[in-house]
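Sharing a structure here in structure tokens format.
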Amino acid sequence: MNTVIRKIGNSEGVILPKEVLQNLNLKAGDSVVISENKGEIVLKKAGDEFEEQMAAAREIMDRYKVALQKLAE
């Protein structure tokens, strides 16, 4: 299957064919994880593990907000 990278507002994106979404059990609004591996793009449905990692990261960022702001300066 071929598709084209399109301009979407200030970003660019790819329209995923309906068949691909059905095969991967994805729908509009689902969270996905995008990674790059040896020149290939890997797209996976975000699972509970990803959400748990993001929650832990947010907690750490909140806890060390001041320190992180100082480091950013």
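When you go through 7, 44, 27, 70 one by one, which is the residue that is open to solvent by 90 Å² or more (accessible area, probe 1.4 Å) and assigned to a loop (DSSP other than H, G, I, E, B)? Break it down into steps so the answer makes sense when it comes.
Details: 7 fails: assigned to a loop (DSSP other than H, G, I, E, B); 44 fails: assigned to a loop (DSSP other than H, G, I, E, B); 70 fails: assigned to a loop (DSSP other than H, G, I, E, B).
None of the other options fit; the residue is 27.
Next question, about the same structure. From the list 52, 59, 36, 73, which residue is more than 20 Å from residue 4 (Cα to Cα), of a type outside the set (A, V, I, L, M) and at pLDDT 90 or above?
Values: 52 fails: at pLDDT 90 or above; 36 fails: more than 20 Å from residue 4 (Cα to Cα); 73 fails: at pLDDT 90 or above.
The conditions single out 59.
Additional query: Give me the pairs, please: first residue somewhere in the stretch 1-18 and of a type in the set (D, E, K, R), second residue anywhere and in a loop (DSSP other than H, G, I, E, B), beta-carbon distance under 9 Å, and either six or more positions apart or on two chains.
6/15
The values are calculated or read from the model by the stated rules, or taken from the named source; none is laboratory data. Note that the coordinates shown come from a computational prediction; the quantities given were computed from them, not determined experimentally. Neighbour counts run over all protein chains shown; Cβ positions are idealised from the backbone, glycine included. In case anyone asks, the SASA skips ligands and DNA or RNA and just uses the protein heavy atoms, side chains included. Shrake-Rupley method; radii C 1.70, N 1.55, O 1.52, S 1.80 Å.
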